[in-house]
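Enquirer: One structure follows; several queries about it will come next.
The numbers here are math on the coordinates, done by the rules we state, and not lab data. A quick note: this is a predicted structure, and the numbers were derived from the prediction, not measured. So basically every Cβ, Gly included, is an ideal-geometry build from the backbone, and we count neighbours across all protein chains shown.
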Amino acid sequence: MSIDRSQDRELSLVGVVDWAFFAYSGVAAIWLAYVLLRDGVVGGWQLPLLVVFWLFVTYLVLPRLHGILTSVYVPNYFIGRARTSDGLLGDPVNLGLLGDEAQIQEAFDAAGWTRADDLGLGTSWRLVRRIASRRSYPQAPVSPLYLFGRQQDFAYQREVAGSPSKRHHLRLWRCPPGWLLPGGFPVHWLGAATYDRRVGLSLFTLQVTHKIEEDIDVERDFVVGTLTEAAPAVTVRTLERFASGYHTRNGGGDRILTDGDLPILDLSAVTTSSLQHDVPTDSRDRRPAMIMLGSSLALLRGACYLTLALLLLTAPDLLVRLGSRDVVDLTNTVTVGTVVAVLVSLTVIDVFLALRVMSGYQWARLGLMSACALTSLVGFASTLGNRAPLGIGDLPAIGGSILVLLALSSPRSREWSNRRSRSDRIDS
């Protein structure tokens, strides 16, 4: 019987194209960071670009560079460490669990733990406001870490003194069906428990993040203690020296110390009040924040094109003062109507592709990235050897295109689109 490899070839070709966009967006991001720094030190209205430069470098450029490098040298199999979204080694896996999701929820609720909100734009902004005002947020989201190629299925936490800056927390990943720990030990879930002691800056990306307590074994034992005390049906088996004890750093640059023991909590005897069956979910099926961000930026970019068209018709002098002289100069070569028609067409294309991307269409994601790559290349070529600062009217087109590229070429966006495309083919 022959095996159909057409899907593998298709995914391989898409993977090559995706990798090209992934790498190119990193190079383009470095160039844009240079332009922002160059123009920011000039002064005038460009001075706030220095703040934009810091945000751009810390949250986009450095993570992308880490992602490119770690995809080469960090192993993509289980080594007892989670990975950050940038590909860096994150927190150690220091707990195992047996039982279904309903039993986990019952045991953690009884022990006084709170299930964390999923990370999103709304919950992230709420967390920032609560930290700034020092107000409690018991369901505060935790940053995504990855194991088995996907982010945690959910997380639990306990605030300390009503402060979202300090908390006990545990991320949990459902193990693949039939998967065994090294040594042949069965386990249904793996967890990484750490204690957030304060808010600070990441050593590797300079992002604002929680800093964890160095001795993670204390937090591991705290989780075990709270569960066994609150739920007597929970039993514990410890795999001593499961991993070599080590002293290293996590993805945020925090020092971590562990003895390598791995407690396995058996929750299978916990009785639940829920009549629902445990239906396995996969965090990879959730629409990623990067898909929403890239699509939203494309919609915003389309709105900027439309605004340029309206200003070109009604106030071309204002465009010149804002620095979009190139758009106005085009009218010396072609008619104003032609330029406006092109800008309106670009608006329609951006809006159409952005909506298709949010629906999970692979071709739309690749098409939108192609359009953004072309726009950024044109912008890059126009600034070669040109010391004049970018105009405020040019930033939405060039900067927005690079931001869309960074978002839609991220591994999480790529994986979600691939899964949706495969699912659509199976359904059809």
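Enquirer: Do you know the relative contact order of segment 77-153, to the nearest whole percent, from alpha carbon pairs under 8 angstrom that are 6+ apart?
Expert: Averaging sequence separation for qualifying contacts and normalising by length gives 35 percent for segment 77-153.
Enquirer: Mind giving me the nanometre distance, one decimal, between the label points for residue 139 and residue 180, set 7 Å out from Cα along Cα→Cβ?
Expert: 4.0 nm
Enquirer: OK, next. Set the Förster radius R0 to 56 Å, insert the Cβ-Cβ distance between residue 230 and residue 19 as r into 1/(1 + (r/R0)^6), and round the FRET efficiency to 0.05.
Expert: 0.70
Enquirer: Relative to a virtual label point 7 Å from the Cα of residue 206 in the Cα→beta-carbon direction, which members of segment 51-76 show backbone nitrogen distances below 18 Å?
Expert: Correct set: 51-67.
Enquirer: Suppose every Lys and Arg Cβ carries +1 and every Asp and Glu Cβ carries -1, with no other charges. What dipole size does segment 134-204 come out with about its Cα centre, to the nearest 20 debye?
Expert: 320 debye
Enquirer: Let me ask something else. What full-extension length gain, to one decimal in nm, is calculated for residue 59 and residue 241 as 0.36 nm per residue of separation minus the Cα-Cα distance?
Expert: Fully extending the segment from residue 59 to residue 241 adds 61.8 nm.
Enquirer: Pull up all non-local amide H partners of residue 195: gap of 5 or more, or a different chain, and H-to-H distance under 5 Å with H placed in the peptide plane.
Expert: Excluding prolines and chain starts, which carry no amide H, the hits are 213.
Enquirer: Under the 0.36 nm per residue contour assumption, what length would be gained going from the current alpha-carbon distance of residue 344 and residue 161 to full extension?
Expert: The span from residue 344 to residue 161 would gain 60.4 nm if fully extended.
Enquirer: Determine the gain in length on full extension of the stretch residue 310-residue 51; use 0.36 nm per residue of separation and subtract their C-alpha separation, reporting nm with one decimal.
Expert: Length gained between residue 310 and residue 51: 90.3 nm.
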